[in-house]
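The values are calculated or read from the model by the stated rules, or taken from the named source; none is laboratory data. Fair warning: this is a prediction, and the values are worked out from it, not measured in the lab. For neighbour counting, all protein chains shown are included, and Cβ atoms are generated from backbone atoms with ideal geometry for every residue, glycine included.
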Amino acid sequence: MGIVLGIESSCDETAAALVDSGRRVLAQRIASQDEAHRPYGGVVPEIAARAHAERLAPLIAATLADAGMELGEVDAIAATAGPGLIGGVMVGLVTAKALAMAEDKPLIAINHLEGHALSPRLADLALQFPYLLLLVSGGHCQLLLVKGVGQYRRLGTTIDDALGEAFDKTAKILGLGYPGGPAVERLAREGDPRAVPLPRPLLGSAEPHFSFAGLKSAVLRARQAGIHADADIAAAFQQAAIDCVIDRTHKALQAIDMPSALVVAGGVAANQAMRSALEELAGEFGLPFVAPPPALCTDNAAMIAWAGIERLGQSDPLDFAARPRWPLDPDAAPVRGAGVKA
Ligand code: KG4
Ligand code: ZN
């Protein structure tokens, strides 16, 4: 039995968690910075970094107190070392290094994307490798074959915006505030998805890549036309996004040998309408569908601690550098037409 302290600070959540190898989350705390970033309609890196620096140490102390534990009782300290907003990543990683050094514990540097990718295994005891993972968050939109810890094959990625980004921009266009995903989903329930014709970029294309920039522009034009109800635009956007996701995931499933399951993770995996559509698709392929509970889908430290459990025994050097970019599959070919985010 091992216990890992996990630290997450790569975007706008400051989080700490204690997880054991029996898949128990002993304690976890998340300090969201939504209020600080709301006036700007998105995450401001400088504000995020400062907030992490102020909040992280007391948050870790409180997490340990919640579990009735001392730092000396943990077996390792795992922190997100990238990819993400570099100021925030550095706060978490340097804090983890200091704690590891002070307590003479191993440091485990975690790829934030691996945290998302392995999080379904914290939630589901039965989930075995290899599984097809749809990773959809504010910064990432990928289809990955998860073959094992540290073994990822990227099948598809976005050539422009991430899916969460598209939700956030749609929310901004509709004046729904930040963060946008949950607000768009709520409003979409009251709308008619057929009332507004919107494009489905890359639908049917050979490789399972994504594109959402054109959809976002179409949402903007639909709003500016001034003839549609906001709820109808939200519903139409969400349906178009889901249609793209299902088509692309279908392509990926056809391209690989039968995986053990279809899995979704990342912040957008909290979207119930998308979960239902993916579950139906999994059913068509006779596959189990696995989606972590919504709180484990959005950024959190339990997934980082869990990735630390999966890597227990490993130790990273105290000079491990924070990485603004850190692909899970370094061998993946660049996508034609892709911008800097690929
Ligand atoms: O994984 P995450 O917390 O942070 C990143 O690593 O990016 O994902 C945040 C993203 C945001 O874009 C947010 O709008 C989106 O996930 N999101 C949702 C929902 N809940 C969060 N998108 C659609 N529907 C939701 N219910
Ligand atoms: Zn994330």
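The figures follow:
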| item | result |
| --- | --- |
| Residue match in the range 176-187 (condition: more than 13 Å from ligand 1 (Cβ to nearest atom) and either part of a strand (DSSP E or B) or modelled with pLDDT of 95 or more (or both)) | no |
| From the options ASP161, ASP124, residue that is more than 14 Å from ligand 1 (Cβ to nearest atom) and either modelled with pLDDT of 95 or more or out of contact with any Pro (no Cβ under 7 Å at 6 or more places or on another chain) (or both) | ASP124 |
| Single condition ALA322 does not satisfy, out of (1) more than 19 Å from the chain's Cα centre (by Cα); (2) aliphatic (A, V, I, L, M); (3) assigned to a loop (DSSP other than H, G, I, E, B) | (1) |
| Among the candidates GLU13, GLU73, residue that is among the charged types (D, E, K, R) and either closer than 23 Å to LEU328 by Cα or touching a Leu at 6+ places or on another chain (Cβ under 8 Å) (or both) | GLU13 |
| Unique residue being touching a residue at least 24 places away in the same chain (Cβ under 8 Å), part of a helix (DSSP H, G or I) and more than 18 Å from PRO179 (Cα to Cα) when the list is ALA57, ALA48 | ALA57 |
| From the options SER211, SER137, residue that is of a type in the set (S, T, N, Q), within 24 Å of ALA255 (Cβ to Cβ), crowded, with 20+ Cβ neighbours inside 10 Å and within 11 Å of ligand 1 (Cβ to nearest atom) | SER137 |
| Pair list, Cβ < 8 Å and 6+ apart or interchain, from the range 6-26 residues that are within 14 Å of LEU296 (Cα to Cα) and assigned by TED's automatic domain parsing to the domain that holds MET303 to residues that are modelled with pLDDT under 95 and more than 16 Å from ligand 1 (Cβ to nearest atom) | ARG23/LEU125 |
| Filtered residues of the range 79-121 (kept if outside any helix (DSSP H, G or I) and farther than 30 Å from PRO288 by Cα) | ALA79, ALA81, GLY82, GLY84, LEU85, ASP104, LYS105, PRO106, LEU107, ILE108, ALA109 |
| Verdict on GLN142 being more than 11 Å from ligand 1 (Cβ to nearest atom), of a type outside the set (A, V, I, L, M) and outside any loop (DSSP other than H, G, I, E, B) | yes |
